[in-house]
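The values are calculated or read from the model by the stated rules, or taken from the named source; none is laboratory data. Just so you know, these numbers come straight off a predicted model, no measurement behind them. Quick reminder, even Gly has a Cβ in these numbers, built from the backbone with ideal geometry, and neighbours come from all protein chains shown. Ligands, DNA and RNA are excluded from the accessible area calculation, which covers all protein heavy atoms including side chains. Shrake-Rupley method; radii C 1.70, N 1.55, O 1.52, S 1.80 Å.
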Amino acid sequence: IQPMQLNKRAIHLGARVFFLVFLVKVVIALLRWRRSCKKPKGHPGTAKLRAHLADFHRIKPGEFEQRFIATPALAQRKFDFVIVGAGSAGCVLARRLSENPDFSVLLIEAGGEAQNSPALSQPQQFVAGWRSEVDWCYRSTPQPQLHGRQIDLERGKTLGGSSAINYLMWVRGGREDFDRWATECGCGDEWSFENVKQNFCNLETVTRANLGGSAEGDQQCELRGTDGPIIPHIVHPNLPEAEAFISAHEQLNIPRNFDYNGPTQFGVGYTQLSSHCGRRSDAFTAFIEPVLASRPNLTVVSEAFVRRLRMEKTSNPDRPFRAVAVELEISTGDVIAVYGDREIILSAGAINTPQILMLSGIGDRRHLESHSIPTLLDIPAVGNHLQDHPVIVISALVPESKIEEVKAKRADSSGLSTVAFVKSPVQDSRDEIRGSTSACDLEWILLSRLPPALVTKFALFEFERKIPGLRTNPWLSPVFRFLSDLVEGSIPKPDTQKLFERFIAIGAAYNGPLSRGSVRLASNDPHEQPLIDVALLREPSDLEACVWAVKKIR
């Protein structure tokens, strides 16, 4: 009998199938063993788990309200102004324009209304909105300078926009930057800080009590607003770790700053948050909700996805096209057009605004033609010059003797108590070359007293980064649920919990990058996520500034 000639590829395939079957059997056996080892109801560990997860809230379907959901009847109406995007800019614009009762204003939001959900309204739940139904769930393209990593880009998809899911920090732009834009960048004197200052003041109500009651507050509050919708305040003055943070900066000749939104930004001090009475003050609840009932000329619609602008030709050679309507896809599945007689205003953010423009035929001709989109206006700058600030987190553990003191004041904390604004040598060199002065380019944020259950969300983010589609893929979602149980179940373990209570970190945000990225269409499908290149650390000087910051923090 001649030896049978076996195909090597068949052998390899058979071995792989055998290994896969063996692996599935092992997983099933482990799951059965885990189920048999579950603690009975009433076990102290179960109660401890529930207690730790009680302060972590996920947005539930029933928490989305129905007040503003768009209907097909909207297509029968005309408005003077149509504003796309109910975020930080859109809500302010809608409030200001609707002050004139002769103007009819429509404010459009793609997401739903969940402002009463604890996940959005409570500052300590800030992370609950990330990668959820109220987040566009954008992710950057692979970043070469970060070894191919993709960065999550949280953008709010709800009334209030990103102000409904951000970290609540209340920070003005640096006055030096406004003055430099006015003089060096050709923006004109109207962009100087003295001319824009009143606009900042109109946003806020600030008193000495808001800023911790310091005697230094009287003079500096003169530069702050007294009758605006947002009431920023200091959350936790005089915390031991915050005072240690401030003292450490003073030893580096960085002075204590009572109000970084006052005369100067440079220095270290307590963080001002856009929350009031334990509730987040997002753009919608602060600017729109209080006036909505008294302004019949202001209409708000939610769950209305803007596909593109509708354009018409004009007789003006300098402005050959004019936007006359927005094309909306509403929750019923209908596609309708809503017309604006005076203006269509795009305030959909740094990602969605250029995406809508390009889908409407406004952008770089070659890029639009590559996606079979007719070019109406060839403007190559659309989608260019995207800037983002990298944040590098350096963590440590506080001494065990301080744990009880830290736990005692954790309940109403958002985890952010102190911030420092400083200038790097890189920024000083740029100023010397330009012969002018710029604002602080580095922002160091102290993180502590985070709600314990937030570690669950952070851990699951890491799983999702490693396995794309883990939450949404029908084949992978059972794995995601298993990992969720596994991570949440690990929180109450004494060693894990003890370490988490000692956790403290400083986040270094670099706010002066020279790197510039872009937003590009992936296709002509409005629902497909655009290609977002944030170009982090592409310029060597950006990396140099970040390295200097990390060394100083350590």
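Apply 1/(1 + (r/R0)^6) to the Cβ-Cβ distance of ASP525 and ASP334, taking R0 = 25 Å, and write down the FRET efficiency to the nearest 0.05.
Values: r = 18 Å, r/R0 = 0.72.
Rounded to the nearest 0.05, the efficiency is 0.85.
For ARG365 and THR183, calculate 0.36 nm times their separation in residues minus their Cα-Cα distance, and state this gained length in nm to one decimal.
Working: separation 182, 0.36 × 182 = 65.52 nm, distance 3.30 nm.
Gain in length upon complete extension: 62.2 nm.
Counting only other residues whose beta carbon sits under 15 Å from that of THR314, what net charge do I get with K and R as +1, D and E as -1? Could the numbers behind the result be given before it?
Working: positive: ARG310, LYS313, ARG319, ARG322, ARG342; negative: GLU312, ASP318, ASP341, GLU343.
Charge balance near THR314 sits at +1.
Using a Förster distance of 30 Å, how high is the FRET efficiency between SER315 and ARG67, based on the Cβ-Cβ distance and rounded to 0.05?
0.10
What spacing in nm lies between the two simple spin-label points modelled at ARG322 and LYS197, each 7 Å away from Cα in the Cβ direction?
4.0 nm
Protein chains only, probe 1.4 Å: how do HIS233, HIS276 rank by accessible area, largest first? All intermediate terms of the calculation are to be shown ahead of the outcome.
On the way: HIS233 45, HIS276 85 Å².
Largest to smallest exposure gives the sequence HIS276, HIS233.
Can you give the accessible area of TRP548 in Å² (nearest 10), computed on protein heavy atoms with a 1.4 Å probe?
About 70 Å², rounded to the nearest 10.
Please list 3J(HN,Hα) in residue order for region 172-185, calculated via the Karplus relation 6.51 cos²θ - 1.76 cosθ + 1.60 where θ = phi - 60°; whole Hz, with x for glycine and proline.
6, x, x, 4, 4, 5, 4, 5, 5, 4, 5, 9, 9, 9
Whose amide H sits under 5 Å from the amide H of ARG280, counting only residues 5 or more places off or on another chain, with H placed in the peptide plane?
Long-range HN contacts for ARG280: GLN122.
Roughly how many Å² of TYR339 are accessible to a 1.4 Å probe, to the nearest 10?
Answer for TYR339: close to 90 Å² accessible.
Sort VAL391, VAL382 by accessible area with a 1.4 Å probe, largest first.
Working: VAL391 80, VAL382 20 Å².
Putting VAL391, VAL382 in descending order of accessible area: VAL391, VAL382.
Find how much the distance from ILE394 to VAL547 grows on full extension, using 0.36 nm per residue of separation minus their present alpha carbon separation; answer in nm with one decimal. List each step's numbers first, then the result.
Working: separation 153, 0.36 × 153 = 55.08 nm, distance 1.19 nm.
Between ILE394 and VAL547, full extension yields 53.9 nm more.
Given H placed 1.01 Å from N in the peptide plane, which residues other than close sequence neighbours of ALA522 have an amide H under 5 Å from its amide H?
Answer set, sorted by chain and number: LEU531.
Just read off the accessible area of THR375 with the full protein assembly in place, 1.4 Å probe, to the nearest 10 Å².
30 Å²
What is region 176-322's relative contact order, in percent, from Cα pairs under 8 angstrom and six or more apart in sequence?
Working: 170 pairs, mean separation 22.6, N = 147.
For region 176-322, the relative contact order is 15 percent.
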